[in-house]
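The values are calculated or read from the model by the stated rules, or taken from the named source; none is laboratory data. Since we're looking at a predicted model, the values are computed, not measured. Note: ideal-geometry Cβ built from the backbone for every residue, glycine included; neighbour counts use all protein chains shown. In case anyone asks, the SASA skips ligands and DNA or RNA and just uses the protein heavy atoms, side chains included. Shrake-Rupley method; radii C 1.70, N 1.55, O 1.52, S 1.80 Å.
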Amino acid sequence: MFYLIGLGLGDAEDITVKGLSIVRKCRRVYLEAYTSILGVGKEALEKFYGREVILADRDMVEQQSDELFAGSMEEDVAFLVVGDPFGATTHTDLVLRCKEQDIPIKVIHNASIMNAVGCCGLQLYNYGETVSVVFWSDNWKPESYFDKILCNAERGLHSLCLLDIKVKEQTIENLMRGRKIYEPPRYMSVSHAAQQFMEIIENRKKSGTEKLAVDENTISIGIARVGSDDQKIVAGSLKQLVDVDLGGPLHSLVISGRMHALEIEYLKQFSLDIDMLNRISEQI
């Protein structure tokens, strides 16, 4: 059997009892190491599981899946994923490849940011489309994700923004020359994402857009290291979050839509500006 096992969000102990039981009996155990990260390293997982863990990078998963699947018709192989196995399309593709090769596969689910984001107090069924916010470069500054956030806001829905991570990335030059030289890991912060949003808003205003459903005063929530002991949540205007330091990765950003009084009351415990929330509450 080939197992796709969710690890949850915090550390080694967030794996489910069922998942841990499977990991301890598998012949090989891989850890997917590029779509997300845990708050602990591979060594902590190995100590808790009592098993060697093999790091699986993007190249292995997307281009060398035969290596992952090898022997799984005769023995058990585990593929560990931070959060839930279906939190990334890459893992859906793994399932399809197993089906194509008649490899038995089983999925063990766990918590992911898609449901754990409820920790900020905004109700899960009031979220619209989730968006991914990418790092800009000097000559590539996409704004399409902001259009999706605007669509959500126009419908009164909140937006969960998943912030970019760059792990084992190559420069264009090294990629073209075939050199296996990788850049240091980068993890987008709430502050960085808020700054990009502010630039987009400024660009839209300069282009003549009079009223945006999301602007610098929109209540936004920065979330860091959800599920860990040092989880941190801060709520304020988008402009205020530009100057917020939430510490190490991973970060997510929530852009609020139309809020219920209960949501506003819950947010006050994280707020940089309670008066602002009180004013919004009075308008409901």
Given backbone amide H placed at 1.01 Å from N, residues whose amide H is under 5 Å from that of A56, ignoring those fewer than 5 places away on the same chain, are L31, E32, A33
Over region 126-271, what is the relative contact order in percent, taking alpha-carbon pairs closer than 8 angstrom and at least six residues apart? 27
Chain lengthening between T92 and K141 when straightened (0.36 nm per residue, less Cα-Cα): 14.8 nm
Please give the per residue accessible area of region 2-100, computed with a probe of 1.4 Å over protein heavy atoms only, in Å². 46
Rank K25, K205 by accessible area, highest first, at a 1.4 Å probe radius? K25, K205
Separation of the E202 and E67 label points, Cα + 7 Å toward Cβ, nm: 4.5
Points 7 angstrom from Cα along the Cβ direction at V17 and A44: gap in nanometres? 2.4
Applying the gyration tensor rule to the Cα atoms of the chain (axes a ≥ b ≥ c; rounded if a/c under 1.5, else prolate if a/b exceeds b/c, else oblate), the class is prolate
Per-residue counts of other Cβ atoms within 10 Å, averaged by peptide: what ranking do you get for 43-50, 250-257, highest first? 250-257, 43-50
Quick note, region 19-62: a/c under 1.5 would make it rounded; otherwise a/b > b/c is prolate and the rest oblate (a ≥ b ≥ c, C-alpha gyration tensor); here it is oblate
Using a 1.4 Å probe on heavy atoms of the protein chains only, the accessible area for L38 in Å², nearest 10, reads 20
Given Cα pairs under 8 Å that are at least 6 residues apart, what percent is the relative contact order of the chain? 18
At what distance in nm do the modelled label points of I37 and E75 sit from each other, each positioned 7 Å from its Cα along Cα→Cβ? 3.1
Tensor-based shape of region 85-239 (alpha-carbon gyration tensor, a/c under 1.5 rounded, otherwise prolate or oblate): oblate
May I ask you to list the chymotrypsin sites (Phe, Trp or Tyr not before Pro) in region 171-260 that are in a DSSP loop and have at most 15 other Cβ atoms within 10 Å of their Cβ? Y182
